[in-house]
Amino acid sequence: MADHDSPQEIAATFLAKVKDSPFVMIGLMDGEHSEPMNVKIDEDQPNALFIFSGHDNRIAKGGKAMAQFVGTGHDFFACLAGTVSQETNQATFDNLWDNRVEAWFPNGKADARLNRFDITSAELWETDVSVSGRLKMLFGGTIDQSESSSHAVVGSVA
């Protein structure tokens, strides 16, 4: 994520990383702890993450929320702010339902609720340390800012 990357390029990188490892820590801003959840992406709604849960899950009541994401190789990090609400569109529910989701709900779709996390802002970090920075990590030395990761703040991810 270089300084010249557009918000669309940054969003595309984030969405690709989430597809590779679809797990976030998410929690409402009500004082309860965050919990790990599996997220789904609807290509037509890139500013939203979808999360199946039980009807009594702590995020099911909805409200302002924060989610944190770490890429598989610990090379990409995101902190997302937004709002959780119930997704009421049955077509979206049916489209995102699959065998991996069904495994968590013994009584099928009746036990599940689809939550929608609408992202209002995000901070994204990509840890792409240069070759010279990696050598300094191995043999000692101070990594210059130009050799380390990049950071972006965006109003939304699309």
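Here are some notes:
- Subset of segment 32-57 (residues that are among the β-branched types (Val, Ile, Thr) and free of Cβ contacts under 8 Å to residues at least 60 places away in the same chain): 41
- Entirely in segment 70-158, the strands (runs of 3 or more DSSP E) that have 1 or more residues that are at pLDDT 90 or above and aromatic (Phe, Trp, Tyr): 112-126
- Applying a threshold of 7 Å to beta carbon distances and a minimum spacing of six or more residues, or different chains, the list of pairs starting in segment 86-110 at a residue that is of a type in the set (Gly, Ala, Ser) and ending at one that is part of a helix (DSSP H, G or I) reads 108/102.
- Scanning segment 93-121 for residues that are touching a Leu at 6+ places or on another chain (Cβ under 7 Å) and of a type outside the set (A, V, I, L, M), we see that the one that is surrounded by the most Cβ atoms within 10 Å (Cβ to Cβ) is 117.
- In this structure, residue 59 qualifies as assigned to a loop (DSSP other than H, G, I, E, B) and modelled with pLDDT of 95 or more.
- Taken as a whole, the structure places residue 88 among residues that are of a type in the set (Val, Ile, Thr), exposed (fewer than 12 other Cβ atoms within 10 Å of the Cβ) and closer than 15 Å to residue 118 by Cβ.
- The residues on offer are 40, 17, and the sole one that is more than 27 Å from residue 108 (Cβ to Cβ), among the charged types (D, E, K, R), surrounded by 14 or more Cβ atoms within 10 Å (Cβ to Cβ) and modelled with pLDDT of 90 or more is 17.
The values are calculated or read from the model by the stated rules, or taken from the named source; none is laboratory data. The structure displayed is predicted, hence computed values, not measured ones. Cβ: placed from backbone, ideal geometry, glycine included. Neighbour counts: every protein chain shown.
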